[in-house]
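Inspection log for the structure reproduced underneath, given as structure tokens.
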Amino acid sequence: MSKTCVVTGGAGFIGSWLCRSLAGKGYRVLCVDNLLTGSRENVEDVLVKDKVVFIEHDVSKPLEISEDVDFVFHLASPASPVDYQNHPIETMLANSLGTLNTLNLARDKGARFLLASTSEVYGDPEEHPQTEGYWGRVNPIGPRACYDESKRFAEALALSFFRKHGLDVRIVRIFNTYGPGMRRNDGRVIPNFVAQALNGEPITVYGDGKQTRSFCYVEDMVEGLERVMFSEGISGEVFNLGNPEERTILEVAETIKRITGSSSEIVFKEFPEDDPVKRRPDISKIRKRLGWEPRTGFEEGLKKYIADCKQKNK
Ligand code: NAD
Ligand code: UDP
């Protein structure tokens, strides 16, 4: 009998790639999503032969599943700063009550649990690159707090289930991830810049563009999520997942302009409050312990994303 995975947030960007990959490997997948920032279209192609079953449900409400479950991937939460600032309370509930409900589900079923946390738990970091041992620098009352603090709460709750109930829990801190399937208007930097470049509109760099990020292609990310979930002997551990190649946002704008052959001008807008100035994962832990590292270069991944955008524009 094939094993069953629950993927919350499965109709979102990363979740839909994960559902597709797990189904391709023979798992039965229950995709749980309330469609707040995701869409059924993202998983429509795999909703066949009962391999991926779509369950429309808000994880901040208790989750009842009658069949056996072996693995719970908890990804349900808005992730784009524009989305979570538009839905601050829903974001806090998905990461607090949603994490509680999915942990309870894993406990009831004797399943393994993976929490999709974020590099945002490091806030605007003073340690660079960020290792898993860094405690972070987060503004608890700023515009990003609904996301950052609820993810920090989710991590603490998951480890409380590990310590108190011996639940097999793993936490991944995901750094900026991109690729086909991102909502064109989700407000994140790569969809924004690519749409602006393709439409000949101004490319909007916030601040002076000297802030940095490190971008991971989604296929590498999904491989990392699976590696952490399906490895033995790492219960209760935390891993950074991301691509350590760091670049400034201005460089990202220039690269996208060049690759798309766009004549868009680059314009500078106000720097958002609490926007982290530097971000790069230290991935030595996962490299050493689980042998994972990203394989897709930035331009290679961007070209795949741009090709997908052009195809969908047709
Ligand atoms: P996304 O917005 O595309 O997907 C999130 C999904 O969760 C959506 O389908 C949404 O409808 C669903 N959802 C939200 N609230 C829900 C609720 N209460 N009940 C059920 N479903 C709910 O975002 P994404 O980029 O795919 O991110 C997925 C996960 O990865 C999130 O937990 C996010 O915090 C984490 N993450 C992503 C990134 C990134 O760069 N993409 C970086 C760090 C962390
Ligand atoms: N950004 C930008 N222009 C945009 C969107 C984002 O300059 O149109 C910047 C943003 O200020 C941040 C970086 O790009 O410094 C990454 O933003 P994103 O929203 O993708 O994710 P974050 O890493 O901030 O969660």
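The values are calculated or read from the model by the stated rules, or taken from the named source; none is laboratory data. Note that the structure is a prediction, hence the values are computed from the model and not measured. Because the Cβ atoms are built from the backbone with ideal geometry, glycine has one as well, and the counts that use them run over all protein chains shown. Remember, those area values only see protein heavy atoms, side chains included, never the ligands or the DNA or RNA. Shrake-Rupley method; radii C 1.70, N 1.55, O 1.52, S 1.80 Å.
Table for the structure above
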quantity	calculated
Flag if ARG213 is touching a residue at least 24 places away in the same chain (Cβ under 8 Å), of a type outside the set (A, V, I, L, M, F, W, C) and open to solvent by 50 Å² or more (accessible area, probe 1.4 Å)	no
Counted residues, the stretch 183-201 - those being modelled with pLDDT of 95 or more and assigned to a loop (DSSP other than H, G, I, E, B)	4
Test: residue in the stretch 95-111 that is of a type in the set (A, V, I, L, M), under 17 Å from the mean Cα position of the chain (by Cα) and open to solvent by less than 50 Å² (accessible area, probe 1.4 Å)	no
Qualifying residue in the stretch 258-275 (condition: open to solvent by less than 70 Å² (accessible area, probe 1.4 Å), of a type in the set (D, E, K, R) and in a loop (DSSP other than H, G, I, E, B))	yes
Flag if PHE230 is modelled with pLDDT of 95 or more and open to solvent by 10 Å² or more (accessible area, probe 1.4 Å)	yes
Restricting the stretch 20-38 to residues that are of a type in the set (S, T, N, Q) and within 7 Å of ligand 1 (Cβ to nearest atom), the residue that is farthest from ASP83 (Cα to Cα)	ASN34
Number of the exception - GLU246 against (1) of a type outside the set (A, V, I, L, M, F, W, C); (2) within 20 Å of the chain's Cα centre (by Cα); (3) within 11 Å of ligand 2 (Cβ to nearest atom); (4) modelled with pLDDT of 95 or more	(3)
Filter pass, LYS51 being surrounded by 15 or more Cβ atoms within 10 Å (Cβ to Cβ) and more than 16 Å from ligand 2 (Cβ to nearest atom)	yes
Output for the stretch 22-77, where each listed residue is touching a residue at least 60 places away in the same chain (Cβ under 8 Å), under 20 Å from the mean Cα position of the chain (by Cα) and closer than 22 Å to ARG170 by Cα	LEU22, PHE71, VAL72, PHE73, HIS74, LEU75, ALA76, SER77
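Residues are listed down the side, and each one gets a yes or a no for (1) open to solvent by 20 Å² or more (accessible area, probe 1.4 Å); (2) of a type outside the set (S, T, N, Q); (3) more than 9 Å from ligand 1 (Cβ to nearest atom); (4) within 23 Å of ARG280 (Cα to Cα):
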residue	(1), (2), (3), (4)
PRO140	yes, yes, yes, yes
ASP148	no, yes, yes, yes
LYS151	no, yes, no, yes
ARG163	yes, yes, yes, no
VAL172	no, yes, no, yes
PHE175	no, yes, no, yes
TYR178	no, yes, no, yes
ARG183	yes, yes, no, no
ARG188	yes, yes, no, yes
